Amino acid sequence: MSSASHSASNYIKIFYILLVLTIVEVAIVYLGLPKMLLAALLIIFAVWKAALVAMHFMHLKFEKRTLALVAITPFVLCVFLILMLMPDIFPH
Amino acid sequence: MSEAAVLHAEAEPQESPLTPESWGKLGMWLFLAGDAMSFGGLIVGYGILRHASNKWPVPKDVLGINLTAFMTFLLIVSSVWMVLALASIQENNKARFNKFLGLTILGGVLFLGCQAYEWTHLLGHRLPELGISFTNNLFATTFFILTGFHGMHVTGGVIYNTCVLVAVNRGRYEAKHVEIAGLYWHFVDLVWILIFTFVYLL
């Protein structure tokens, strides 16, 4: 019942933040920024948006620790996946 | 009397800081964690192939991002409708719930329509113009695998949400079931946000 306490206005606020972030993302692609800067900005915005969806729409912010642990596991494993593939990505 | 109370207390499942409020929710989260690893594997594989390739087209120039930006918008709006549908059924407002879950499903169907249009256009015109097909080019292969895998999830979500809509109106499902369906739908939205960035924008 604790999740019933979030009002609809709260969700609408998150929606506007997501909308603005998406517009900014598309806009900076057209700006012609340096490649590394653009990539860094885009990844920051994407992670930011994904976190907003998980925290507010999926109520992760208001859940017990169990679900947070479950949610974080695939990201930890993906980091391991990238680390383990490093020798193949950057030979020598 | 007190003996009965003790017996009753013993029959209750043990609470721990790790016990979830709802086992169904935990089940859905476990499924989503596994699903996230499928997507994670595909996205990491995409990144490695792209890094290792000498020639990789600028995705924006081949794919075009205006339609996809609209598709992102559709899924985000659809996610908001889903949370509003959940809030409505938690307040026992069935008419409002039907409206918002109906809109959620409509958002998913429109997304799939846009994707079908995009794929048709790419396969029929854009890729042949560039002399590549999805069988002879890593850029095209990874694109269709990633967006296709996600599109299958949207299709599954539309079917799932439709079943939930029917079950609630027949009185078999309640708010807690809607919440679990919502988790899946938001996850599909979340993954699209990442795919939109990595496949289309970067």
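Throughout, read-outs are computed from the coordinates displayed, never taken from laboratory work. This structure is a prediction, so every number in the text was calculated from the model and none was measured. Cβ coordinates were reconstructed from backbone atoms using ideal geometry, including for glycine residues, and neighbour counts include every protein chain displayed.
Quick rundown of the values:
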{"quantity": "Test item: Cα-centred dipole of the protein assembly as shown, Lys/Arg +1 and Asp/Glu -1 on Cβ, debye", "calculated": "660 debye"}
{"quantity": "For the range A:18-25, 3J(HN,Hα) per residue [Karplus equation, 6.51 cos²θ - 1.76 cosθ + 1.60, θ = phi - 60°, Hz, x = Gly/Pro]", "calculated": "4, 4, 4, 4, 5, 5, 4, 4"}
{"quantity": "Lys pairs under 19 Å by Cα in the protein assembly as shown, provided they are eight or more residues apart or on distinct chains", "calculated": "12"}
{"quantity": "Sequence-separation-based contact order of the range B:70-202, relative, with Cα cut under 8 Å and 6+ spacing, percent", "calculated": "31 percent"}
{"quantity": "For chain B, calculated [θ]222 nm from helices alone, where every DSSP H run of n ≥ 4 adds -39500 (n - 2.57)", "calculated": "-26500 deg cm²/dmol"}
{"quantity": "Overall form of the protein assembly as shown per C-alpha gyration tensor (a/c, 1.5; a/b vs b/c)", "calculated": "prolate"}
{"quantity": "Cα-based helix-to-principal-axis angle, A:35-52 vs chain A, degrees rounded to 10", "calculated": "20 degrees"}
{"quantity": "Extension gain from A:Lys35 to A:Thr73, taking 0.36 nm per residue of separation minus the Cα-Cα distance", "calculated": "10.6 nm"}
{"quantity": "Structure-based [θ]222 nm, chain A - -39500 (n - 2.57) summed over DSSP H runs of at least 4, per residue, nearest 500", "calculated": "-25500 deg cm²/dmol"}
{"quantity": "Selected from B:Ala167, B:His51, B:Ala85, residue furthest toward positive end of dipole (the range B:22-201; charges at beta carbon)", "calculated": "B:Ala167"}
{"quantity": "Point-charge dipole on Cβ atoms (K/R +1, D/E -1) for chain B, about Cα centre, debye to 20", "calculated": "800 debye"}
{"quantity": "Of the DSSP H helices in chain B, those whose Cα atoms cover at least 20 Å axially and whose Kyte score averages 1.6 or more", "calculated": "B:66-90"}
{"quantity": "Among B:Thr120, B:Gly34, B:Val191 the positive-end extreme of the charge dipole of chain B (Cβ point charges)", "calculated": "B:Thr120"}
